[in-house]
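Peer 1: Below is a structure I'd like to ask you about.
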Amino acid sequence: MKFSNFKYLVKQGFLNFKENSLMSLASIGVVVSCLVIVGICGLLAININSFANFLGSQNELVVYIYDDATQEQIDAIDSFIKSNDNIATYNFVSKEEALEEQMGYLGEYGELLESYQGDENPLPASFRCTVKNLAAIQQTSDELAALDGVELLSTPTELAQVLITLKNAAFYGGFGVLAILVFVSIVVISNTIRLTVFARRKEIGIMKFVGATNGFIRLPFVVEGVIIGTIAAVVTFGILSGAYWYLLHYLTTTATGWLAMVSTVLITYGDIWYYMLAVFLVFGWFIGAAGSAISMKRYLRV
Amino acid sequence: MIDFKNVTKVYKPDITAMDKVSLHIDKGEFVFVLGPSGAGKSTFLKLMLREETATSGDVIVNGYNLSKIKQREIPYMRRTLGVVFQDFRLIPTMTVYENIAFAMRVTNIGEKDIKKRVPYILSLVGLSSKAKKFPTQLSGGEQQRVALARALVHSPRLVIADEPTGNIDPELSVEIMELLKAINSVGTTVVVVTHEHELAYKYAKRIIEIKDGRVVNDTAGKAVHAR
């Protein structure tokens, strides 16, 4: 298509939008409502995910070593952990370090443990590992348990299961809501544009008789849909950006207790605003273009 | 140019609008397709424009077999012909100039050529001064001339006019018919679909008469007399 004709059709799309300003406004309103809900679900889902990751990283799989394990056995466990794909980080805690840690927990009462120094130390040495994939924690644990010199393992499998369920719920729930709302938005926008198309069905018929291709007729309407989608995306971005920024600001400055802890894990506005804008624009364009293309289908069969 | 080969069109449930019609219209001919209301003229027109498809038989227009044409080829087929409708079918939101320019844009002609061609075509139909008017600001005869200008803008090989004088005054009808004659004189095939016997016999070219979905008379227009 020649650029001058493309420009002409895009201009027609803008004119359509202006002429149907009231209906366009209604469409924008509906799409904004849908995108706001989509955005809230998305933000919830990624923050739940981030929170679950945080909890997961706090979960240690602890490999306790027999007191009489040989240095070779300890080295073998060390190299096994080092080469294991599911272990993100690990560190070795010697018997002495374990005791010091306990004394530290007890604070001023730590002195009570003074007598357990040296050979009297009942605490075992251990490897403390964080895992990458919580779903595979049981398998990793079983592999470690089979090694010589390993006394026992502390594996937080139940918590791991809860976290996995939480992440899955956030992902599938968010995806489900998203799919439903995108569908609703497309139906609404296609109905709005259908009114324009219906009002102009005679014109469309004339265009067909002078030899216009479907793409040529469709373009201004798609442009109209994309304008509606873009404005809706920007408005949604404004609303949710403001709300999210305010929420984070509130949590970091005034929240106490567990809420304050949660606020440190939430994804910051600076890390997410460009994703939000991009996602809203892509959804807005998709909804707008798909909505108008669907609404035209019937009237193009001339 | 136009070939109807044993064409039948049946509308559901069982209305036969065209019954085994065969006819041939050659390049450069000026043909009247004549018949009363309900004779099958509209069906004939719709089949030529591929608005409808034949139930059986072949309709061939400008080399396109419309019974077998692919959906995406239809716009290209329509660009090879110019159509003038009884109700003009101008786009009311566009000026006279834009209505004609639009037909050119559709065929992907650039702005530069449009700016050259549209004023020329408007001068041919005597509407240069009305370029900026909207269709509703024009008389019926003027609107019909705009429709004709639009049909001619990309120099089609075939012009089909559906009751071109149906909605305009008799003196303006003469004007339109003279324009169609002029178009035909430079080699363009012209097919006029009408119910007006007098008009057909006055311009006494070839007349194809349709009645009850059949061709009842097809004459080269030499010894025809108005009934």
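The values are calculated or read from the model by the stated rules, or taken from the named source; none is laboratory data. It should be emphasised that the depicted structure is a prediction, and the values quoted were computed from it without experimental measurement. Here the Cβ is made from the backbone with ideal geometry for all residues, glycine too, and neighbour counts use every protein chain on show.
Peer 1: Could you pull out the residue among B:Ala161, B:Ala147, B:Ala101 that is at pLDDT 90 or above, touching a strand residue (DSSP E or B) at 6+ places or on another chain (Cβ under 7 Å) and either among the aromatic types (Phe, Trp, Tyr) or assigned to a helix (DSSP H, G or I) (or both)? Explain how you work it out, then say what you get.
Peer 2: Values: B:Ala161 fails: either among the aromatic types (Phe, Trp, Tyr) or assigned to a helix (DSSP H, G or I) (or both); B:Ala101 fails: touching a strand residue (DSSP E or B) at 6+ places or on another chain (Cβ under 7 Å).
Just a single option satisfies the conditions, and that option is B:Ala147.
Peer 1: Report whether or not B:Gly166 is within 19 Å of B:Val33 (Cβ to Cβ), out of contact with any strand residue (DSSP E or B) (no Cβ under 6 Å at 6 or more places or on another chain) and surrounded by fewer than 21 Cβ atoms within 10 Å (Cβ to Cβ).
Peer 2: Details: within 19 Å of B:Val33 (Cβ to Cβ): yes; out of contact with any strand residue (DSSP E or B) (no Cβ under 6 Å at 6 or more places or on another chain): yes; surrounded by fewer than 21 Cβ atoms within 10 Å (Cβ to Cβ): yes.
Judged against the criteria, B:Gly166 is a match.
Peer 1: Which residue pairs have Cβ atoms under 8 Å apart, sit 6 or more places apart or on different chains, and have a first residue in the range B:72-96 that is closer than 15 Å to B:Arg50 by Cα and a second that is surrounded by fewer than 19 Cβ atoms within 10 Å (Cβ to Cβ) and among the aliphatic types (A, V, I, L, M)?
Peer 2: B:Met77/B:Ile69
Peer 1: Residues in the range A:5-17 that are within 12 Å of another protein chain (Cβ to nearest Cβ) and surrounded by 15 or more Cβ atoms within 10 Å (Cβ to Cβ): how many?
Peer 2: The total comes to 5.
Peer 1: Looking at B:Lys132, B:Lys116, B:Lys112 in this structure, which one is more than 14 Å from every other protein chain (Cβ to nearest Cβ) and surrounded by fewer than 18 Cβ atoms within 10 Å (Cβ to Cβ)?
Peer 2: Details: B:Lys116 fails: more than 14 Å from every other protein chain (Cβ to nearest Cβ); B:Lys112 fails: more than 14 Å from every other protein chain (Cβ to nearest Cβ).
Going through B:Lys132, B:Lys116, B:Lys112 in turn, just one is more than 14 Å from every other protein chain (Cβ to nearest Cβ) and surrounded by fewer than 18 Cβ atoms within 10 Å (Cβ to Cβ): B:Lys132.
Peer 1: Still on this structure: On the basis of being assigned to a helix (DSSP H, G or I) and more than 30 Å from A:Tyr116 (Cα to Cα), does A:Leu55 make the cut? Please lay out each step first, then the result.
Peer 2: Numbers: assigned to a helix (DSSP H, G or I): yes; more than 30 Å from A:Tyr116 (Cα to Cα): yes.
Yes: the conditions hold for A:Leu55.
Peer 1: A further question follows. If A:Pro220 meets every condition in (1) over 20 Å from A:Met23 (Cα atoms); (2) assigned to a helix (DSSP H, G or I); (3) of a type outside the set (Gly, Ala, Ser) apart from one, which number is that one?
Peer 2: Status for A:Pro220: all satisfied but (1).
Peer 1: Here's another thing I want to ask about it. Tell me which residues, restricted to the range A:248-262, are farther than 19 Å from A:Ala52 by Cβ and either of a type in the set (A, V, I, L, M) or at pLDDT below 75 (or both). Talk me through it step by step, then tell me what you get.
Peer 2: Of the residues in the range A:248-262, the ones farther than 19 Å from A:Ala52 by Cβ are A:249-250, A:252-257.
Result: A:Ala255, A:Gly257.
Peer 1: Against the condition aliphatic (A, V, I, L, M), touching a Ser or Thr at 6+ places or on another chain (Cβ under 7 Å) and assigned by TED's automatic domain parsing to the domain that holds A:Phe171, how does A:Val10 come out, does it pass? Spell out how you get there, then give the answer.
Peer 2: Numbers: aliphatic (A, V, I, L, M): yes; touching a Ser or Thr at 6+ places or on another chain (Cβ under 7 Å): no; assigned by TED's automatic domain parsing to the domain that holds A:Phe171: yes.
No, not satisfied.
Peer 1: Please indicate, with yes or no, whether at least one residue in the range A:54-65 is touching a Phe, Trp or Tyr at 6+ places or on another chain (Cβ under 9 Å), polar (S, T, N, Q) and surrounded by 17 or more Cβ atoms within 10 Å (Cβ to Cβ).
Peer 2: Scanning the range A:54-65 turns up no residue that is touching a Phe, Trp or Tyr at 6+ places or on another chain (Cβ under 9 Å), polar (S, T, N, Q) and surrounded by 17 or more Cβ atoms within 10 Å (Cβ to Cβ).
Peer 1: Another question, if that's okay. With respect to the numbered conditions (1) out of contact with any helix residue (DSSP H, G or I) (no Cβ under 7 Å at 6 or more places or on another chain); (2) assigned to a helix (DSSP H, G or I), which one is the sole condition not fulfilled by A:Ala293?
Peer 2: The failed condition is (1).
Peer 1: Need pairs with beta-carbon distance below 7 Å; first residue without any contact (Cβ under 8 Å) to a residue 60 or more places away in the chain and within the range A:257-273, second surrounded by fewer than 15 Cβ atoms within 10 Å (Cβ to Cβ) and part of a helix (DSSP H, G or I); sequence gap 6+ or separate chains.
Peer 2: The qualifying pairs are A:Ser263/A:Thr252; A:Tyr269/A:Trp245.
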